[in-house]
Structures are given as structure tokens and as C-alpha cells.
Amino acid sequence: MACIIALIVFSVMGLFSATHRQLAKEAFDCVFRRVTFRPCNTGFKEKIRGRIVGKLLRRSVKLAKFSNKYFEVFAWIFFLLTVVSTGYTVKGGYNFYRYGSCNGLNQGGFCAFDPTGKNNTTSSVTDGSCPNKQPTAEDLTLSSVDLGLFQSKKVDSENNLVFIGCYSCDYTRKAYPVVKKLLEKKNVNYTFIHFSVKDENENLPLYVYSASKIDQNKYWRLNDLLFEADKGDMQSQEKIEQIITKAGYDLQAIKDEANKEATKQAVQKQIEEVRKTHIYGTPTVFINGKPIVGPKPYRVYKLMLK
Amino acid sequence: MNDSWIQSNFPILNKRKNIEEFVYFDNACTTLRPKSVIDAMNKYYEEYPVCGGRSLHKLGKKVTDKVYETRFLVSQLIDARKEEIVFTRNTTESINSVAHSIDWREGDVVITSDKEHNSNLLPWIRLSKKIGIVHTTIKSNSDGYPDLTHLKDLLEKYKGRVRLIAVTLSSNLDGTTNPVAEIAKLGHKYGALILVDAAQGLPHQPVSVKRLGADFLAFSGHKMLGPSGTGVLYGKKKLLEEFEPFLIGGGTVVKSSFDSYCLENIPERFEAGLQDYAGIIGLGEAIRFIQKVTYKEIARRDLELNKYITSYLRSIERVNIVGAKEPEKRGGIVSFCVDGVDPHMIALMLDEAGIMVRSGQLCVHSWFSDKKIQGVVRISTYFYNTLEEAEYFAKTLSNILKAV
């Protein structure tokens with residue numbers, strides 16, 4: 001059993017060192033002989049045992065004796081641990097490929113492939129509030145949300161993508177071009193929901209809503225421009241108005257529409273509707289109803305499509 | 001000679017802070033080198049790094065003189081003539097040189113002892129396969145010495161066909177020094193030549209090829225403080241002159257034409273190509289160092305350490321010493337095995353405590369296969385080892401045996 005452990009360990013170390021490559025070769029020879037029902041006559045196990053027990057001997061004779069006596073037991077334990085940890089590593093690798101996180105879809109925790117956790121970071125929508133129960137990924141849903149209240153691009157696809165984000169949020173800004181690329185390459189029905197998390201100009205939601213009502217075609221251009229602009233611009237009335245003008249809108253018409261009581265009520269209604277999703281951070285993307293929290297690599301969004 | 005004088009002459013020992021750092025007990029494999037040997041070699045490379053024996057310029061002459069000095073020292077050391085000293089790379093090459101130089105005939109017989117190093121076994125096995133010579137071995141007695149009655153039987157059995165008896169002077173397996181003079185006397189009576197493998201013997205005891213009755217004698221420089229890559233083949237003048245050299249080329253001929261050549265005198269005709277001048281010069285220094293230390297002192301230290309280690313090992317029930325019981329018969333070597341414990345494992349555990357020993361079958365696989373013994377742990381000491389080191393070894397091995 002010690003040979004198997006050694007084979008695994010030295011094979012990995014052998015990637016970086018010729019000395020360990022030689023040891024891996026010896027370990028392989030030993031394992032090969034054992035699996036072909038021949039005695040391992042390379043003395044490899046004894047060499048490993050000698051080194052380990054010898055090192056322990058320098059610390060404590062009792063410890064060395066104990067280790068030597070139960071060497072095979074320890075080898076089995078390490079073998080099982082190796083098998084289990086290899087299983088977890090493979091699973092983690094699969095999860096990372098499939099969901100952008102080693103621990104599964106929308107799961108946090110350390111991931112060796114994403115040590116900074118950038119694929120799972122969001123701008124919290126619960127900051128400053130005290131909910132009775134902190135929402136989790138399991139709570140995320142679109143089931144009772146009226147998506148008709150928001151701007152959509154229908155392309156007659158079996159795939160539906162709902163993007164909830166905010167113009168001034170870093171992680172939404174990171175996810176937006178990835179989602180945009182997906183929409184360009186794949187046929188997907190798309191709904192964009194702006195949900196203000198950071199300090200943004202109070203008129204921004206009203207202007208955006210008004211823009212969508214006045215000219216839907218120009219609305220998507222405005223959306224792109226708002227994400228392309230500096231996030232600090234989202235606090236400036238003047239900058240927002242410049243972007244609206246750049247998108248080809250009549251600024252005065254937008255302002256007039258925004259000042260209407262009905263617009264204010266509609267925006268409020270949108271906010272209440274978004275809350276029904278129980279989102280706790282932006283960006284949150286629903287693909288065919290399945291929530292994906294945080295900015296993910298392109299492949300993750302693509303793999304979620306039918 | 002005292003321990004501090006020795007320490008100061010060996011750079012590696014000089015740097016050692018305490019014996020826990022390392023204890024070198026693998027001297028039968030190769031010895032440590034004194035500073036004078038290292039300096040002599042460096043001096044060659046720094047001050048006169050040129051060809052010897054060929055070039056007439058001043059530096060060339062200096063190299064030739066230095067090589068001559070070493071040849072002279074070697075000849076004195078083994079009681080031979082300087083033209084009988086051929087420089088080789090090591091004992092193995094020396095023995096192979098003899099094996100390839102004798103005009104073998106099918107049915108010729110070579111006798112060796114039954115615990116020869118592969119260097120003095122494989123050349124004969126190969127000849128038996130290639131030419132059809134007969135290779136046979138003298139059985140050892142229970143005390144590790146060759147059974148001379150059996151040798152006599154073999155000589156009688158193959159009367160007139162035994163061309164060579166090739167035996168080790170001291171065994172690298174158990175340190176036993178063979179009665180080579182008696183073997184030679186017997187062999188000569190039956191017309192056989194005697195080849196002595198002195199790789200382990202010469203570092204520990206004075207050798208006279210005349211007293212031994214050796215026709216050939218081979219040894220390595222690196223086992224007696226000299227540089228690695230240096231060895232010597234002694235051959236009786238008459239025999240060397242009769243032999244066709246194994247290797248020929250640069251330095252081995254007086255002249256050559258497109259269809260013939262005229263060989264150099266001995267020993268140069270056996271030293272083909274550019275020689276390891278630095279090594280040869282270093283070997284000369286090694287011999288000087290041994291002469292300074294004296295064989296008497298080497299034997300005294302060998303016995304002191306062997307007695308201590310043997311006595312300690314004998315006190316442990318699980319330990320079996322290979323070879324003669326008496327330490328005085330085993331030179332600087334103590335080979336032992338521990339019941340139920342792999343020798344490599346013990347060697348590695350000793351290494352973890354800084355004690356370097358050799359383990360396994362020590363290039364004497366044939367003996368181990370025959371006796372069905374897995375291997376041994378070999379302690380091989382030299383004059384720079386101390387009683388304190390032997391005590392440290394005993395203490396460490398005791399701990400190991402408690403653990404395994």
C-alpha cells in the first residue's frame with residue numbers, strides 16, 4: 001500500500017523534479033509487480049519505511065516503534081485519504097468547470113482554481129438591512145415574478161436568460177460583457193433588470209424606465225452605454241443625461257416621462273417585483289429559471305443553456 | 001597521528017561540527033580524500049595542465065616527471081618494478097585488461113573464490129560464454145576462508161588447463177584476507193597464473209607482490225584516499241611484454257605505418273590515450289599520505305574499531321555477523337544482518353542519523369544468491385574513523401532495533 005501512496009505522491013512531485021521521477025518509477029515498478037501478483041522485490045517499500053521511521057527515530061524511539069509497527073495501517077489510512085481527496089479534487093475540478101466554483105453552483109468557500117473567489121463575489125443587496133433570515137441560493141426564484149414589467153428581447157428561443165444587476169456595481173460590470181457575448185453567439189430570450197445596490201443617482205431608475213417606455217430599440221443601446229461609462233458617472237445627473245442624449249433620446253421627453261407619478265409607481269413596482277426573487281447580490285443571472293450568482297466565466301453560462 | 005591531525009587533513013571532516021552531522025562508514029566503497037590529494041590535483045590543473053609523455057616542452061616534462069614519481073611510489077608500495085605498473089581507471093578495468101589480454105583457448109580454466117566482487121567474476125563468466133573457457137569457484141570454509149583442499153582438488157581435476165587463479169586479497173563482503181601466498185604457491189605448482197584483486201586489501205595492509213606470488217595485481221586509487229578514476233594494474237614484466245594490449249592507440253606505439261605498428265615498451269603500451277594526469281598525480285599524494293600515516297597505525301585503528309563494533313553487535317541476539325568471528329580477521333569491515341529486517345531499511349535509518357553505511361549485496365550477488373541471503377549492512381572503517389563514531393553508531397543502532 002505504501003508503494004501506491006508513494007506512486008501518487010512521487011508522480012506529482014516528479015512533474016517538477018527528476019529525482020522524484022526516478023522514485024515514481026521505482027514505486028510504479030513495485031505497484032506493477034504487486035498487481036500482477038508478484039512480490040515487490042525492489043526494496044522500495046523498505047526504503048520508504050526506513051526513511052520515515054529513521055526520521056521519527058530522531059524525535060522519539062517510541063514514536064518510531066509505533067510507526068514501524070503500524071506502518072501498513074498508516075499506509076492504508078493514507079491510501080484511503082488519498083483516494084477520498086482525489087475524488088474531491090476531481091469533483092472540485094468538475095464543479096469549477098461546470099459552475100465556476102469548486103464547491104458547486106452558487107457555493108462559496110475556498111477553491112484552489114479560483115483562490116480569490118472572484119467567480120462568486122457579488123455586490124450585496126442586503127447591506128444595511130436586517131432581514132429575519134439571510135437569503136441563500138436555494139431561495140432564489142422567478143416563479144412569482146412578473147417579468148412582463150421589465151424590458152425583454154424575445155428571439156423565439158427555448159432558452160431564457162434574466163440578468164439582474166446594477167449599473168454601478170463592479171461584479172455586474174464584470175458579468176455584463178460575458179452575458180452580452182453569450183447573447184450575441186446564442187439564441188436566447190433576454191430580460192434585463194436594473195436593481196440599484198450602490199449609491200446611484202435617484203433619477204437613474206426613473207430615466208431608464210422612461211427610456212424603455214419611449215423607445216425600446218434605443219433602450220438596449222442606452223443599457224450598453226451605461227455599462228461602458230465610468231461607474232462613478234452613475235451618481236452624476238449631468239453625466240447620466242449626457243449618456244441618455246448619446247443614446248439618441250430626447251432628454252426633455254425622458255425627463256417629462258420620469259416626472260410622471262405613474263412612472264414612479266411603475267419603478268417602485270419593479271423594485272418590489274425584484275425583491276420577490278430573494279436576490280442577495282448582483283449580478284444574479286437566471287438561465288431557464290436556474291439562478292447563477294456572481295460573475296461566471298463564459299463557459300458556465302453556455303453550459304446552462306439547453 | 002592523532003584525531004585532530006587527521007581532521008585537519010580532511011576538508012570534509014574539518015567542516016564537520018559534530019559527529020551527529022555525519023559519520024562515514026562506507027570506506028570500502030570509496031574513502032575520503034585528504035587535502036594534499038585535492039591540492040595536488042588542483043595544482044596540476046592550475047599550473048601545468050598539459051600532456052605528459054609526448055610533448056617536449058617544460059610543462060609537458062613536468063607532467064611526465066610527476067607521473068613517473070607516482071609510478072615509482074606505486075612500485076615501491078607493492079614491491080614491484082616501475083615498468084610493471086600500468087595506470088588504469090580502476091580495479092575493474094585492470095582485471096578486464098588481463099581478461100582481454102590473455103590468449104584464451106576453449107577449455108582453459110579460471111578459478112576464483114566464491115565471494116568475488118562482480119569485477120572479478122563477470123569478465124570470466126563472459127569469457128566462458130564467448131570463448132568456452134571454464135570458470136569455477138573455490139568453496140569457502142565456515143570461517144569465510146577459501147578451502148585450499150578444494151582448490152587443490154580443482155587444480156588436479158583441471159590439471160594442465162588452469163590458466164588463471166583470480167582471487168581477492170581482502171573480501172569487500174566480510175573483510176576476510178585470503179591466504180593469497182598459499183593459493184599462489186599452489187597455483188604456480190600447477191602452472192596457473194595468479195591475479196590478485198587488492199582493491200580492499202591494499203588500503204589496509206602492506207602488500208608485496210613478490211611475497212604474495214602475484215603475477216597480476218589490481219587496485220583502485222579511490223579506495224585508498226586517491227582520486228576516483230584512478231587504478232593500477234601490476235603485471236610481471238615478462239607477462240606484460242608477452243601480452244597484446246587490450247586497448248591500443250595514442251601513446252601505445254613507437255611508430256606506425258598504414259599497415260603496421262610497433263608497440264611502445266611496457267608499461268606505456270598498456271596506457272592508451274591521454275591519461276588522467278591529475279588523478280595519477282593525486283594518487284601519488286594519496287600513497288604519500290598513507291605512508292605518513294603508516295600501515296601499522298591503519299591496522300591498529302581498524303582493529304580498535306572492529307573490536308568495538310563486533311563486540312557490540314555480538315551482544316544483540318537478532319544480529320548475525322557475516323564472515324570470521326574474530327575482528328582481527330576482518331580488517332576494517334563488519335557486515336551484519338538483523339533477523340527479519342531489510343538491510344536497506346537499517347541503512348536508511350542509520351543515514352537519517354547521519355551514519356553512512358552500505359547495504360544490500362555489495363556487488364557480490366553470486367554469494368548472496370548461493371547462500372539465499374537477502375543482503376547485509378556493511379560498516380567499513382578507515383583510519384580517520386574514531387571510537388566516538390563507533391559508539392555513536394552503537395547507540396543509534398540500539399535505538400533502531402528498539403523501533404523495528
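The values are calculated or read from the model by the stated rules, or taken from the named source; none is laboratory data. Source: prediction; values computed, not measured. Quick reminder, even Gly has a Cβ in these numbers, built from the backbone with ideal geometry, and neighbours come from all protein chains shown. Side chains included, ligands, DNA and RNA excluded: accessible areas come from the protein's heavy atoms. Shrake-Rupley method; radii C 1.70, N 1.55, O 1.52, S 1.80 Å.
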Fill in the blank from the handout: Note on segment B:141-244: alpha-carbon gyration tensor, axes a ≥ b ≥ c; rule is a/c under 1.5 for rounded, else prolate if a/b larger than b/c, else oblate; result oblate
Exercise for the section: Quick one: what are the phi-derived ³J(HN,Hα) couplings along segment B:366-372, Karplus 6.51/-1.76/1.60 with θ = phi - 60°, whole Hz, x for glycine and proline? Expected result: 4, 5, 5, 5, 5, 8, 6
Practice task
Measure out, as a whole number of angstrom, how far apart the alpha-carbon centroids of segment B:203-245 and segment A:137-189 sit.
Solution key: 90
Problem - Förster-model FRET efficiency, 60 Å R0, B:E83 and A:A112, C-beta, rounded to 0.05 - result: 0.25
Exercise for the section: With label points built 7 Å along Cα→Cβ from the Cα atoms of A:R299 and A:D199, find their separation and express it in nm. Expected result: 4.1
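Please report the net charge: other residues with Cβ closer than 15 Å to the Cβ of B:K66, K and R +1, D and E -1.
Spelling it out: positives minus negatives among the neighbours equals 0.
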Exercise for the section: Take a quick pass over segment A:33-118 and tell me how many lysine pairs come in under 29 angstrom between Cα atoms, counting only ones 8 or more apart or on separate chains. Expected result: 11
Problem - Point-to-point label distance, B:K402-B:Q205, nm (Cα→Cβ direction, 7 Å offset) - result: 3.9
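Roughly how many Å² is the accessible area per residue of chain B, as a whole number, for a 1.4 Å probe?
Dividing the accessible area of chain B by its residue count gives 42 Å².
Give the interface area between chains A and B as buried accessible surface, both sides summed, probe 1.4 Å, in Å² to the nearest 100. Working shown, then result.
Working: alone 17280 and 17800 Å², together 33830 Å².
Chains A and B together bury roughly 1300 Å² of accessible area.
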Fill in the blank from the handout: Sites removed, the longest contiguous part of chain A containing no DSSP-loop chymotrypsin sites (Phe, Trp or Tyr not before Pro) with at most 16 other Cβ within 10 Å is A:114-306
Exercise for the section: Using only alpha carbon positions, build the gyration tensor of the protein assembly as shown, then give the equivalent ellipsoid semi-axes as the square roots of 5 times its eigenvalues, largest first, whole angstrom. Expected result: 86, 30, 24
Exercise for the section: Could you work out, residue by residue across A:49-62, how many beta carbons of other chains sit within 10 Å of that residue's beta carbon, and then give the average as an integer? Expected result: 6
Practice task
Measure of size requested: the Rg and Dmax of segment B:331-404, with Cα atoms as the atom set and Å as the unit; please supply both.
Solution key: 12.6, 37
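Which FRET efficiency value, to the nearest 0.05, do you get for B:L148 and B:C51 by plugging their Cβ-Cβ distance into 1/(1 + (r/R0)^6) with R0 = 51 Å? Could you put the intermediate results ahead of the total?
Details: r = 48 Å, r/R0 = 0.93.
That pair, B:L148 with B:C51, gives E of 0.60.
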Exercise for the section: Only residues of segment A:44-72 count here: report those whose backbone N is under 17 Å from the spot 7 Å along Cα→Cβ of A:L81, or say none. Expected result: A:49, A:52-53, A:56, A:64, A:66-72
Practice task
With label points built 7 Å along Cα→Cβ from the Cα atoms of A:K185 and B:N265, find their separation and express it in nm.
Solution key: 8.7
Fill in the blank from the handout: Set B:K82/B:K329; B:K139/B:K185; A:K198/A:K231; B:K15/B:K35; B:K185/B:K210; A:K231/A:K290, cut-off 20 Å on Cα-Cα distance; pairs above it are B:K82/B:K329; A:K231/A:K290
Problem - Shape category assigned to segment B:243-341 from the gyration tensor of Cα positions, a/c cut at 1.5 - result: prolate
Handout entry: Under-5 Å amide H pairs with A:T191, H placed in peptide plane, nonlocal only
Key = A:K153, A:L161, A:V162, A:F163
Exercise for the section: In whole Hz, with x marking every Gly and Pro, tabulate ³J(HN,Hα) for segment B:233-248 from phi via Karplus 6.51 cos²θ - 1.76 cosθ + 1.60, θ = phi - 60°. Expected result: 10, 9, x, 4, 3, 4, 5, 4, 5, 7, 6, 8, x, 5, 10, 10
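Are there any trypsin sites (Lys or Arg not before Pro) in segment A:150-183 that are in a DSSP loop and have at most 14 other Cβ atoms within 10 Å? List them by number.
Numbers: sites: A:K153, A:K154, A:R173, A:K174, A:K180, A:K181; in loops: A:K154.
When the trypsin sites (Lys or Arg not before Pro) of segment A:150-183 are filtered for loop state and at most 14 Cβ neighbours within 10 Å, A:K154 remain.
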Practice task
Can you tell me how much longer the chain between B:I12 and B:K255 gets when fully stretched, taken as 0.36 nm per residue apart minus their C-alpha distance, in nm with one decimal?
Solution key: 82.8 nm
Problem - Carbon and sulfur %, accessible surface of segment B:113-210 computed with the full protein complex present, 1.4 Å - result: 52
